[in-house]
1. Taking H as built 1.01 Å from N, whose amide H comes closer than 5 Å to the amide H of residue 82, not counting residues under 5 places away?
2. Helix by helix, which DSSP H runs in the chain go 18 Å or more along their axis at the Cα atoms and have an average Kyte-Doolittle hydropathy of 0.5 or more?
3. Over what distance in Å are the Cα centres of the range 20-34 and the range 54-126 separated?
4. Against the globular-protein guess of 2.2 N^0.38 Å, express the Cα radius of gyration of the chain as a ratio, rounded to two decimals.
5. Could you check the spin-label model distance between residue 40 and residue 62? Points 7 Å from the Cα along Cα→Cβ, value in nm.
6. Go ahead and set up a Gaussian network model of the chain, Cα springs under 10 Å, then flag whichever of 123, 33, 15 fluctuates most.
7. On a straight-distance basis, which aspartates and glutamates could pair with residue 85 in a cross-link, Cα separation under 14 angstrom, same-chain partners fewer than 8 positions away excluded?
8. Determine the equivalent ellipsoid of the range 1-46 by diagonalising the alpha-carbon gyration tensor, then write out the semi-axes as square roots of 5 times the eigenvalues, largest first, rounded to whole Å.
Amino acid sequence: DRSRSFYQEQQTEVRELISSYFKNAVEGITKERYIELCEAVGDTPNPKDMPVELEDFPEQLLLVYDVYSKLPDVFEPMGGNYQGKNTTTLPILMDCYEITGSDRLWFIETFNMFEEARSSAIRIKKAAEDMKNKVKPPSL
């Protein structure tokens, strides 16, 4: 069915946009920083390689991000690992933003994309930091 494949293509594009945003945000890479790095090595910035920032999101994604960012983070008490957002108040926020009907389903799907992308970016960064901080054996 064409409409289903179109929807899936859109979802894939949205997922990639969100994932790219969180990967860059966790690493602290902004458009400004990217341009500085290109200038430092004498390269011309490529618009396709430009980091995604919130200003690049369409209005609908900004709405989801706004709600997403209002929810508190939950971290594992002992290890400090990110567990996700506390979604207890999500239905209330969705009501406040008047997200109803089929928009609610799209909103939840997109909210979950934000959560998956952020969780993944945090895990990758933490794994890299853990590898970097491993104690090296003393040299003789």
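Here, each number is a calculation from the coordinates, and none is a lab measurement. Predicted model only: the values in this text are computed from it and were never measured. All Cβ positions, glycine included, derive from the backbone under ideal geometry; neighbour counts span all protein chains shown.
1. 76
2. On the way: long enough: 2-27 (37 Å, -1.07); 101-133 (48 Å, -0.63).
Helices meeting the span and hydropathy rule in the chain: none at all.
3. After rounding, the separation between the Cα centres reads 19 Å.
4. Values: Rg = 18.7 Å, N = 140, 2.2 N^0.38 = 14.4 Å.
Ratio of Cα Rg to 2.2 N^0.38 Å: 1.30.
5. Distance between label points: 3.1 nm.
6. Highest fluctuation of the listed residues: 33.
7. 66, 73, 76, 115, 116
8. Working: eigenvalues 209, 34, 5 Å².
Here the semi-axes work out to 32, 13, 5 Å.
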